[in-house]
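The values are calculated or read from the model by the stated rules, or taken from the named source; none is laboratory data. Being a predicted model, the structure only gives us computed values, none of them experimental. We place every Cβ from the backbone using ideal geometry, glycine too, and count neighbours over all the protein chains shown. The protein model used for the area step is the full one, side chains on, heavy atoms only, and it has no ligands, DNA or RNA in it. Shrake-Rupley method; radii C 1.70, N 1.55, O 1.52, S 1.80 Å.
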Amino acid sequence: MTDKDSHLIETCIDSERIWQGRLLDVHRDRVRLPDGSEGVREYVVHPGAVVIIPVLPDGRLIFERQYRYPVGRVMLELPAGKIDPNEDPLLTAKRELHEETGHAADQWRHLGTMHPTIGYANERIEIFLAQGLVSLGQNALDEGEFLELVELSLPEAMEAVRRGELTDGKTLSALLWAEKVLTGVWA
């Protein structure tokens with residue numbers, strides 16, 4: 001925040017956690033609006049996550065097909081996972097890549113951060129590029145996690161976006177980065 005933004009800032013008067021879950025909490029805050037009046041903000045508190053763009057030696061990317069209960073369908077997405085308390089996001093990315101794909105990478109690059117639902121959650125997702133992949137054999141999925149791996153070239157992945165087969169927000173955002181970085185448009 002800078003001084004030029006002060007006329008837009010809302011400040012918390014008081015905060016109440018109205019629901020606590022295993023993954024996230026829901027808060028209701030009373031806030032002072034920029035004009036001095038009061039408002040209410042309800043939002044989800046999320047620990048943060050990572051999404052990984054795993055690039056195989058032949059340039060194809062590793063995706064997952066996984067059933068996502070909230071939307072009631074199998075989704076095509078890049079590997080991702082929740083950041084554990086006090087965990088470095090790069091360590092999360094390395095752990096999730098191994099658990100979900102059975103791979104390790106010898107080159108890691110943090111590309112950026114995305115905020116998928118700023119209107120009602122504080123979740124941030126750190127985007128990582130993983131290159132120099134080495135198969136470690138079997139993946140080590142979490143209990144209750146079921147997925148299948150799919151390898152797609154970048155053009156194939158972008159075609160899946162165009163056809164509406166790939167609609168996951170974190171994957172769409174990461175593919176924007178992948179397209180620009182892997183084609184050399186962004187250094």
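Quick notes on this one:
- Matching strands (runs of 3 or more DSSP E) fully within region 1-83 where at least 1 residues are touching a residue at least 60 places away in the same chain (Cβ under 8 Å) and either closer than 28 Å to ALA174 by Cβ or under 26 Å from the mean Cα position of the chain (by Cα) (or both): 38-45, 49-54, 61-68, 73-77, 80-82
- One residue from PRO89, PRO47 being on the phi < 0 side of the Ramachandran plot and either in contact with a Gly (Cβ under 8 Å, 6 or more places away or on another chain) or open to solvent by 80 Å² or more (accessible area, probe 1.4 Å) (or both): PRO89
For every residue, the table says whether it meets (1) open to solvent by 60 Å² or more (accessible area, probe 1.4 Å); (2) in contact with a Lys or Arg (Cβ under 7 Å, 6 or more places away or on another chain).
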residue: SER15; (1), (2): yes, no
residue: GLN20; (1), (2): yes, no
residue: ASP29; (1), (2): no, yes
residue: GLU38; (1), (2): yes, yes
residue: GLU42; (1), (2): yes, yes
residue: VAL51; (1), (2): no, yes
residue: LEU56; (1), (2): no, no
residue: GLU64; (1), (2): no, no
residue: VAL71; (1), (2): yes, no
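- Test: LEU97 is surrounded by 15 or more Cβ atoms within 10 Å (Cβ to Cβ) and either at pLDDT below 95 or part of a strand (DSSP E or B) (or both): no
- Looking only at residues in region 133-187 that are β-branched (Val, Ile, Thr) and open to solvent by 60 Å² or more (accessible area, probe 1.4 Å), the one that is nearest to ALA104 (Cα to Cα) is VAL134.
- Selection of first residues in region 134-156 that are hydroxyl-bearing (Ser, Thr, Tyr) and of second residues that are open to solvent by less than 80 Å² (accessible area, probe 1.4 Å), restricted to Cβ pairs under 8 Å at least 6 apart or on distinct chains, gives the following pairs, ordered by first then second residue: SER135/GLY102; SER135/HIS103; SER153/GLY59; SER153/LEU61.
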